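Q: I am attaching a structure below and will ask some questions about it afterwards.
No value in this document is a laboratory result; all are computed from the given coordinates. This one's a predicted model, so the numbers in the text were calculated from it and none came from an experiment. Positions of Cβ are backbone-derived with ideal geometry, glycine not excepted, and every protein chain shown enters the neighbour counts.
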Number of protein chains: 2
Amino acid sequence: MNGPSLPTRSRVTISEVAEAAGVSKATVSRYIGSDRQLLAEATALRIEQAIERLDYRPNQMARGLKRGRTRLIGMIVADILNPYSVAVMRGVETACRQHGYTLVVCNTDRSTEQESQHLAALRSYNVEGLIVNTLGHHAGELLSLHSELPMVLVDRKVEALQADLVGLDNRDAVRQALDHLQQRGYRDLLLVSEPLDGTSSRQERVAAFEAGIARSPLLQGRVLQTDGAFCESLWDFLVASGAGPKALFAANGIAALSATRQLREFGYRLFEEIGLIALDDLDWYPLVGSGITALAQPTEQIGVTAFECLLDRLGGARGPARHFDFKAQLIVRGSTHPRG
Amino acid sequence: MNGPSLPTRSRVTISEVAEAAGVSKATVSRYIGSDRQLLAEATALRIEQAIERLDYRPNQMARGLKRGRTRLIGMIVADILNPYSVAVMRGVETACRQHGYTLVVCNTDRSTEQESQHLAALRSYNVEGLIVNTLGHHAGELLSLHSELPMVLVDRKVEALQADLVGLDNRDAVRQALDHLQQRGYRDLLLVSEPLDGTSSRQERVAAFEAGIARSPLLQGRVLQTDGAFCESLWDFLVASGAGPKALFAANGIAALSATRQLREFGYRLFEEIGLIALDDLDWYPLVGSGITALAQPTEQIGVTAFECLLDRLGGARGPARHFDFKAQLIVRGSTHPRG
DNA sequence: CTGTTAGCGCGTTCAT
DNA sequence: ATGAACGCGCTAACAG
């Protein structure tokens, strides 16, 4: 009367394979591992057949316990709903698989409590390395973890954590944006960012924006966060008599979504009356209004690099923390053509 | 000369805690587990302090090895770039965390080879249960796995696999779409679907669409896949002299993206000349043209239900495979207002 | 080339 | 209420 949904068979162990093949566990272990060349062809064949027949799969938990290598990589992500995070994660996962590692992803939903809970879980599963894309407001946990295993930060720094960092060259990206906007004739700019909660990449973008404005005599600029006052502040900017054609600069994909939504609610025609350039290149950018001009991040490559960086450390590489800053790529669409 | 990126400290074990507290490993083990009430208050206190001081974390691998419970749940996803998958995954992850489980997500990128590789990995890590959102064209592996652990399917069936299924009531969703389109005056419909590669939910939507068309004397309808011939076939539909106002019905978010992109390339004004309704409700739907009418899936709830279903089986529940079909929710926007 | 032994870190009988 | 001893599945050390 076993229903189909009731698992019954228990796992085949190395002992059963050894017995079936008429050898010792150690010999089977050698076959499993990388010492296969030490075996006589005849025994290797018998073991192979026994494994095949019993459908044996080595237990990674037990292997990890013995060897201290779990082949597990942890990744902790601030916001899985952000396409950027997913894209990076995809790159990490691809690289992991190619190197025989398995990725465990944890999403914190920007919650400090969940971050610490997840870190504890990852540690308890003996992940060999950690890829971190959170604020690390819970820096204590992270710091303590970093004394046990290598970590690499993605996109954002964590203060007091001297770890490798893979991310965007934010200064260059902002410069590209300002150059492009100025060249297209926009003069009055508004940087729209998610709340500055300590995320270093956001701060860097804001700082680079303000520095760029200060350097450019032609440009005026303000910064706005997508918080409670966003709606009114944006309206203020839109109706103010400015220095010239106006444009928004969304500091990431989420901000681009908020800004565009708000513009629509105000009844603006996208993007005849106001320009827009956005960091990140989401798949729907081409569909909105005349298309949203983007600064694309090489997200997959960021993910792959993060993993390779980790692998490097796992291989014993030491030395000071390294930084990998990728350049953004400008993709021009309709949203930066003034007057339609 | 240890750089900051070189992990050094090795993990604290139960033995060290036992020694520090002046008790045996078994006593500490009881403290860790659920036998805490069996301990004398004094010893419990000493253990607690030792754990605190040494920052001890039980090794889940070792626990799992001994008890046969890893507290690991595996999830295998066909396409992580599909927002639907991510949303479901988020629900699963939330539920996992609340119940002390950790989720391991694997993305197959719709590749059969990766699917089998990932299944092997998940099995080797002794995941206790599996949430499956793939075609399972590699059904052999899945079937064999299902004899070892409980599984629950999400969104799509796998033939020959008698497992619980959590997904959408596709017939009802399609009926809602057709009713809405007909009521809005559309008469000539085109269902746009990703390629029918065996994905059961796609097939169900197509079948329900064709059945619905056959039942409705007012409606005409065809089905189109987003494959190589998509562009020309769509054009044929658009220029053909039809029975009346035309509308597209995108069978999911990806199809909606393809369809909208193609309409734009044809120079259509969205959505004055043609209607559109789309399954899934992505965050950018409101921004495109006059806004895309959606049939939203309760993705988070689907994820939570999938996990709870699994938990149920892990708790020993048996019986035939169950089906959980959620209703889609119609969200009307501008894309289903004929003549702008 | 292969078998024997001894753990990895932990939970679980048995004793006491 | 607590400790000693064994084993989970596997690998590494040493024999032979």
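Q: From the label point of B:A229, set 7 Å along Cα to the beta carbon, how far off in nm is each other copy's matching point, shortest first?
A: 6.0
Q: Hey, got the dipole for chain B? About the Cα centre, +1 on K and R Cβ, -1 on D and E Cβ, debye to the nearest 20?
A: Working: 37 positive and 39 negative charges, 157 e Å.
Magnitude of the dipole: close to 760 debye.
Q: Hey, which residue of B has the C-beta nearest the axis mapping B onto A, and what's the distance in Å?
A: B:W284, 2
Q: So who's got an amide H within less than 5 Å of the one on A:G275, skipping anything under 5 residues away but keeping other chains? H placed 1.01 Å off N, in plane.
A: A:K246, A:A247, A:L248
Q: Summing +1 for each Lys or Arg and -1 for each Asp or Glu, what net charge is found among the other residues whose Cβ lies under 12 Å from the Cβ of B:T112?
A: Neighbourhood net charge equals -4.
Q: Place the label 7 angstrom along Cα→C-beta at B:A240 and in each other copy, then list the distances from the first to the rest in nm, shortest first.
A: In ascending order, 5.5 nm.
Q: I've got another one for you. DSSP loop (so not H, G, I, E, B), at most 10 other Cβ within 10 Å: list which GluC sites (Glu not before Pro) in the range B:144-240 pass both filters. Don't skip to the answer; put the middle values down first.
A: Working: sites: B:E148, B:E159, B:E204, B:E210, B:E232; in loops: B:E148, B:E159.
Here the GluC sites (Glu not before Pro) that fit, given the DSSP loop and packing criteria, are B:E159.
Q: Hey, got the dipole for the range B:14-62? About the Cα centre, +1 on K and R Cβ, -1 on D and E Cβ, debye to the nearest 20? Intermediate results must be reported in sequence, preceding the final value.
A: Numbers: 6 positive and 7 negative charges, 21 e Å.
With Lys and Arg at +1 and Asp and Glu at -1, about 100 debye.
Q: Of the beta bridges DSSP finds with both residues in the protein assembly as shown, what % are antiparallel, to the nearest 5?
A: Values: 8 of 86 bridges.
Antiparallel bridges: around 10 percent, rounded to the nearest 5.
Q: I'd like the distance separating the alpha-carbon centroids of the range A:188-234 and the range A:29-66, in whole Å.
A: 59
Q: Provide the gained length on full extension for the span B:E273 to B:R69, in nm with one decimal, where the gain is 0.36 nm per separating residue minus the Cα-Cα distance. Intermediate results must be reported in sequence, preceding the final value.
A: Values: separation 204, 0.36 × 204 = 73.44 nm, distance 5.83 nm.
Full extension from B:E273 to B:R69 adds 67.6 nm.
Q: Out of the trypsin sites (Lys or Arg not before Pro) in the range A:191-229, which ones are loop residues according to DSSP with at most 15 other C-beta atoms within 10 Å? Don't jump to the answer; show the numbers that get you there.
A: Details: sites: A:R202, A:R205, A:R215, A:R222; in loops: none.
Passing sites in the range A:191-229 do not exist.
Q: Also, I was wondering about something else. Compute the relative contact order of chain B as a whole-number percentage, counting only Cα pairs closer than 8 Å that sit 6 or more residues apart in sequence. The partial results should precede the final answer.
A: Values: 589 pairs, mean separation 58.4, N = 340.
It comes to 17 percent, rounded to a whole number.
Q: Counting pairs of alpha carbon atoms under 8 Å apart in space and at least six apart in sequence, what relative contact order in percent does the range A:141-222 give?
A: Numbers: 77 pairs, mean separation 24.1, N = 82.
Result for the range A:141-222 is 29 percent.
Q: Under the convention of a label 7 Å out along Cα→Cβ, give the distances in nm from A:Q98 to the same position in every other copy, shortest first.
A: So the label point of A:Q98 gives 3.9 nm to the other copies.
Q: For the range B:269-280, what does the Karplus curve 6.51 cos²θ - 1.76 cosθ + 1.60, with θ = phi - 60°, yield as ³J(HN,Hα) per residue in whole Hz, taken in order and with x for Gly and Pro?
A: 7, 8, 10, 6, 8, 8, x, 8, 10, 9, 6, 6
Q: When the Karplus curve 6.51 cos²θ - 1.76 cosθ + 1.60 is applied with θ = phi - 60°, which whole-Hz ³J(HN,Hα) does each residue of the range B:219-224 get, with x for Gly and Pro?
A: Each residue of the range B:219-224 in turn: 9, 10, x, 9, 10, 9 Hz.
Q: For A:K327, list the lysines whose Cα falls under 27 Å from its own Cα; do not include residues on the same chain fewer than 8 positions away.
A: A:K157, A:K246
Q: Just for chain A, what percent of DSSP beta bridges are antiparallel, to the closest 5? Write out the running numbers ahead of the final one.
A: Numbers: 4 of 43 bridges.
Rounded to the nearest five, the antiparallel share is 10 percent.
Q: If we count every other residue with Cβ under 14 angstrom of A:E232's Cβ, Lys/Arg +1 and Asp/Glu -1, where does the sum land? Intermediate values should be presented prior to the final figure.
A: On the way: positive: A:R222; negative: A:D227, A:D236, A:E265.
Net of charged neighbours comes to -2.
Q: Still on this structure, I have one more. Any idea which of A:F266, B:G91, B:A139 is furthest toward the positive side of the dipole for the protein assembly as shown, if Lys and Arg beta-carbons carry +1 and Asp and Glu beta-carbons -1?
A: B:A139
Q: Return A:I331, B:I76 ranked ascending by Cβ neighbour count within 10 Å, so the fewest neighbours appear first.
A: Placing the least packed residue first, the sequence is A:I331, B:I76.
Q: List the residues whose amide H sits under 5 Å from the amide H of A:K327, counting only those 5 or more places along or on another chain, with H placed 1.01 Å from N in the peptide plane.
A: A:D169
Q: Using amide H atoms built in the peptide plane, which far-off residues or other-chain residues are under 5 Å from A:R222 H to H?
A: A:L189, A:L190, A:L191
Q: In debye, nearest 20: dipole of the range A:1-99 around its Cα centre with unit charges on the Cβ of K, R (+) and D, E (-)?
A: That gives a dipole near 240 debye.
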